[in-house]
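Q: Here's a structure for you.
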Amino acid sequence: MNLRLKMIKEQRIGVLLLLIIICILELLIHRNALISSIFENNNATPFQFVEEINEQNFKVKDKKDKFIEPFNPTDYNSEDWQSLGFSKKQAEVIINYKAMLGGKFTSKEQLKSCYVISEEMYAKIYPFLLLPENGFNETTTNSSKVKKYRLLTFDPNTYKVNDWVQIGFSEKQAESIIRYKNAIGGKFKSKEDLKKCYVISTVKYHELESHIKLPSQNIENTSNIKILQISNEKKDINTASFNNINSVIENEIITKRILSFRKGLGGFVSMEQIKDVYDITSEMVSKIFDSFILDPTQVLKINLQTASEEDLHKHIYLRKYKNKIIEARNKKQDPLRVITESDPKYHFIIQYLVK
């Protein structure tokens, strides 16, 4: 009886081992077919699946954060600026600003001063700017290369590029002075006109002041304004109504923008500012120049020492300097110093300030 039970147990073990061996052989024989079947049900190979996930993640990231390469803004054209997120109009303003600086950006601070570049946009491109933090005055940097000169009384209206170079300016600075003169009507009418040129530092102006053959105030301009006002032939652009302006340019949208721009400035100090109105055409500008006069004495003046944070924020030119002005006042420093002379609107800004 015991022998029979023992044989039955050994037979069971043998049968079990045989079944295990058969299963293993079956798996080995049909392994390729099984693996193919599994991946066919998933409609993708493992590598394809991983690649698709990576590609999808890349696309999402690309839509969220545009890749920016390190760049020198001097080399950028209008299309390049638009690719960073600026509008066509903003890109054109940046290009024009660069031209006013002599065709080159020399520092990050210089680029930051361009009024169409918001703090948010500047923070976005800042890490990629191939420029030093602060530029240096070319006259100072190259002082060892500049020949000694003796100042004589001179009329800046007759000076050409070479003449400005002879009294200590770089060639690019001289070209900027000429462009500035053309921008204000082709003539310096007073010493103040020359002083407002952003490439002429305060120190340099004091050196030149006693040698400039010009009156201290623009007497001619003031008298012309009074004569025009008395004749009553043209209205003042600073007091003109919606209907006055719209009847000249025949465009309600641009008329509203002109009035909004005028309000944000507290009045125009120069007819040239009309050119900065968004989307205004050269034809409209010409019509306004022909149809209106300008009395800059009517603009709202701002005292940097006492102006409220709200008043500074409302002013189109001063809002970007608001925090620095308040910080300077808190430190008992002159707030005028925070307004950089390299700002393309500097010669306008100082005309809004209480002296």
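Q: Starting from the 7 Å offset along Cα-to-Cβ, what nm value, one decimal, do you get for the label separation of Lys89 and Glu209?
A: Roughly 3.9 nm, to one decimal.
Q: Ok, one more. Gain in length, Tyr278 to Lys234, computed as 0.36 nm per residue apart minus the alpha-carbon separation, to one decimal in nm?
A: 13.4 nm
Q: If we sort 99-112, 71-84 on the protection proxy, mean other Cβ atoms within 10 Å, highest first, what's the order?
A: Descending mean neighbour count gives 99-112, 71-84.
Q: For a test of the definition: using alpha carbon positions, the gyration tensor, and the 1.5 limit on a/c, classify region 241-355 as rounded, prolate or oblate.
A: prolate
Q: Still on this structure: Going by average Cβ density within 10 Å per residue, which order do the peptides 272-280, 180-188 take, highest to lowest?
A: Descending mean neighbour count gives 272-280, 180-188.
Q: On to the next question. Using the basic label-point model (7 angstrom from Cα toward the beta carbon), what is the Lys287 to Leu28 distance in nanometres?
A: The modelled label-to-label distance comes out at 9.4 nm.
Q: Given R₀ = 35 Å, FRET efficiency for Leu300-Glu171 by Cβ-Cβ distance, to 0.05?
A: 0.35
Where a number appears in this text, it was derived from the coordinates with a stated rule and is not lab data. All of these numbers come straight from a predicted model, not from anything done at the bench. Here the Cβ is made from the backbone with ideal geometry for all residues, glycine too, and neighbour counts use every protein chain on show.
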